[in-house]
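Q: Sharing a structure here in structure tokens format.
The values are calculated or read from the model by the stated rules, or taken from the named source; none is laboratory data. Please read all numbers here as calculations on a predicted model, not as lab measurements. Cβ placement follows ideal geometry from the backbone for every residue including glycine, while neighbour counts extend to all protein chains displayed.
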Amino acid sequence: MRVLVTGGAGFLGSHLCDLLVKKGHDVVCADNFYTGSKANVSHLLEYPNFEIIRHDVTFPLYVEVDQIYNLACPASPVHYQSDPVQTTKTSVHGAINMLGLAKRTGARILQASTSEVYGDPEVHPQTEDYWGRVNPIGIRSCYDEGKRCAETLFFDYNRQYAVDTRVIRIFNTYGPNMHPQDGRVVSNFIMQALHNEDITIYGDGNQTRSFCYVDDLIRGMVSYMELDSKEPGPINLGNPNEFTIRELAERVIALTNSSSKIILKPLPEDDPKQRQPDITLAKKILGWEPQVQLEEGLLKTIAYFSERTLA
Ligand code: NAD
Ligand code: UDP
């Protein structure tokens, strides 16, 4: 199978390229390296079934493929808020361009959507039929509304042009290949702990997230694309084990034997108070559930960051 992965040099994309290359597919990784890096995929260049192209998905792309995984989009609040107009363009124009490619080639296409479509949710845990509570004009909106509009486009290309579209809603995922300065909570806390710097909790630390290890997520994503029946989703993919941000900080300090102290910083605007996936649908349709729990996943991620940044 010829498979296109947009955002393939990023954190999730690089793990996905790894798995697809190992499965023997011809993989084209397209990335503009905004938050991703060639180093994440350079080891794959020795495989004849892997290639990489510098491409911005806000422009059309002409390649012949059987499957498209559309992951291109900065995912960390720090990065998606630094050029918010480009973030919306990446989600919306990127979706139009990749869906156009899928329509022309007849390719199956998956959209990496997000739990952010639920905004600051009143329904807990979040089920796929919940429409969400998103501020349309806040600092997170470029990402949240961009992703919501991309979902709309996926469903309209499905209904209007019968494109085989699939949407997953990814909940906070972490692991090796996250950029050390990515800005998301797991990488921030691990980097701070490894350097015995203050651990920066935003707000009081009672807000919750549910953290999924990258290998689990990628396994779910690929099994969804391998499903022969047409199933547009959306399907939540994440680990339902929920933690407060303070609990996460304490675990990271303990697992790294760090002398870091916790300090409190202002909570960013519109920061969701709670987040936990209901994965009943993923279990039913894909027979999928996460296998790696937080401590095991954190230890693997800590080992990756220690090797990279303390060497
Ligand atoms: P990431 O920032 O590491 O990767 C995103 C990749 O997209 C990077 O390689 C970046 O250079 C590339 N990119 C950005 N804009 C682009 C453009 N205009 N054209 C081409 N490439 C572009 O983030 P990630 O965590 O790997 O996220 C991958 C996808 O999964 C994103 O779409 C994100 O919204 C989604 N997602 C991730 C999580 C998570 O917890 N990791 C949660 C929800 C959704
Ligand atoms: N957060 C924090 N300290 C940090 C980075 C993030 O307390 O150094 C908090 C952030 O305010 C949010 C949670 O951790 O409540 C998860 O943040 P992240 O940026 O990883 O992703 P989000 O789920 O908010 O998109």
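Q: Which of the residues that make up segment 96-115 are in contact (Cβ under 8 Å) with a residue 60 or more places away in the chain, out of contact with any Gly (no Cβ under 8 Å at 6 or more places or on another chain) and either within 16 Å of ligand 2 (Cβ to nearest atom) or assigned to a helix (DSSP H, G or I) (or both)? Spell out the reasoning first.
A: So in segment 96-115, the residues in contact (Cβ under 8 Å) with a residue 60 or more places away in the chain come out as 98-99, 101-103, 107-108, 110, 112-113, 115.
Next, from what is left, pick out any that are out of contact with any Gly (no Cβ under 8 Å at 6 or more places or on another chain): 98-99, 101-103, 107-108, 110, 113.
If the condition is that a residue be in contact (Cβ under 8 Å) with a residue 60 or more places away in the chain, out of contact with any Gly (no Cβ under 8 Å at 6 or more places or on another chain) and either within 16 Å of ligand 2 (Cβ to nearest atom) or assigned to a helix (DSSP H, G or I) (or both), then Met98, Leu99, Leu101, Ala102, Lys103, Ser113 are the ones that fit.
Q: With the requirement that a residue be closer than 26 Å to Asp83 by Cα and either of a type in the set (Phe, Trp, Tyr) or free of Cβ contacts under 8 Å to residues at least 24 places away in the same chain (or both), what does segment 1-53 give you?
A: Selection gives Phe11, Phe33, Tyr34, Ala39.
Q: Sticking with this one: Considering segment 253-264 alone, what residues qualify as being surrounded by 18 or more Cβ atoms within 10 Å (Cβ to Cβ) and either out of contact with any Phe, Trp or Tyr (no Cβ under 9 Å at 6 or more places or on another chain) or under 17 Å from Thr301 (Cα atoms) (or both)? I'd like the intermediate steps shown before the answer.
A: Just the residues of segment 253-264 that are surrounded by 18 or more Cβ atoms within 10 Å (Cβ to Cβ), to begin with: 253, 256, 258, 260.
Within segment 253-264, Ile253, Thr256, Ser258 meet the criteria.
Q: Now a separate question. So how many residues does segment 149-200 have that are among the basic types (Lys, Arg) and either in contact with a Cys (Cβ under 9 Å, 6 or more places away or on another chain) or near ligand 1 (Cβ under 10 Å from one of its atoms) (or both)? If you could, list the steps in order and put the result at the bottom.
A: In the first step, residues of segment 149-200 are kept if they are among the basic types (Lys, Arg); the result is 159, 166, 169, 184.
Now narrow it down to the ones that are either in contact with a Cys (Cβ under 9 Å, 6 or more places away or on another chain) or near ligand 1 (Cβ under 10 Å from one of its atoms) (or both): 169, 184.
The number of residues fulfilling the criteria is 2.
Q: Does segment 124-133 contain at least one residue that is small (Gly, Ala, Ser), in contact (Cβ under 8 Å) with a residue 40 or more places away in the chain and away from ligand 1 (no atom under 12 Å from the Cβ)?
A: The answer is no, given that none of the residues of segment 124-133 is small (Gly, Ala, Ser), in contact (Cβ under 8 Å) with a residue 40 or more places away in the chain and away from ligand 1 (no atom under 12 Å from the Cβ).
Q: Test of understanding: among Thr87, Thr58, which residue is in contact with a Phe, Trp or Tyr (Cβ under 7 Å, 6 or more places away or on another chain) and modelled with pLDDT of 95 or more?
A: The unique qualifying residue is Thr87.
Q: Using the structure shown, decide if Glu145 is in a loop (DSSP other than H, G, I, E, B) and either buried (at least 21 other Cβ atoms within 10 Å of the Cβ) or in contact (Cβ under 8 Å) with a residue 60 or more places away in the chain (or both).
A: The answer is no for Glu145.
Q: Would you point out which residue out of Glu307, Glu250 is assigned to a helix (DSSP H, G or I) and surrounded by fewer than 13 Cβ atoms within 10 Å (Cβ to Cβ)?
A: So the residue among Glu307, Glu250 that is assigned to a helix (DSSP H, G or I) and surrounded by fewer than 13 Cβ atoms within 10 Å (Cβ to Cβ) is Glu307.
Q: May I ask you to say which residue of Asn70, Asn40, Asn97 is farther than 29 Å from Leu267 by Cβ, in contact with a Pro (Cβ under 8 Å, 6 or more places away or on another chain) and more than 7 Å from ligand 1 (Cβ to nearest atom)?
A: Only one candidate qualifies: Asn97.
Q: Separate question: I need every pair where a residue in segment 288-311 that is over 25 Å from Glu242 (Cβ atoms) has its Cβ under 9 Å from the Cβ of a residue that is polar (S, T, N, Q), sequence separation at least 6 or different chains.
A: Note: pairs meeting the criteria are Ser306/Thr256.
Q: Looking only at segment 57-92, filter to residues that are over 16 Å from the mean Cα position of the chain (by Cα), closer than 24 Å to Ile218 by Cβ and not hydrophobic (A, V, I, L, M, F, W, C); which one of those is farthest from ligand 2 (Cβ to nearest atom)?
A: Asp66
Q: Which of (1) within 13 Å of ligand 2 (Cβ to nearest atom); (2) charged (D, E, K, R); (3) in a helix (DSSP H, G or I) is the odd one out, the single condition Asp216 does not satisfy?
A: Asp216 satisfies all of (1) within 13 Å of ligand 2 (Cβ to nearest atom); (2) charged (D, E, K, R); (3) in a helix (DSSP H, G or I) except (1).
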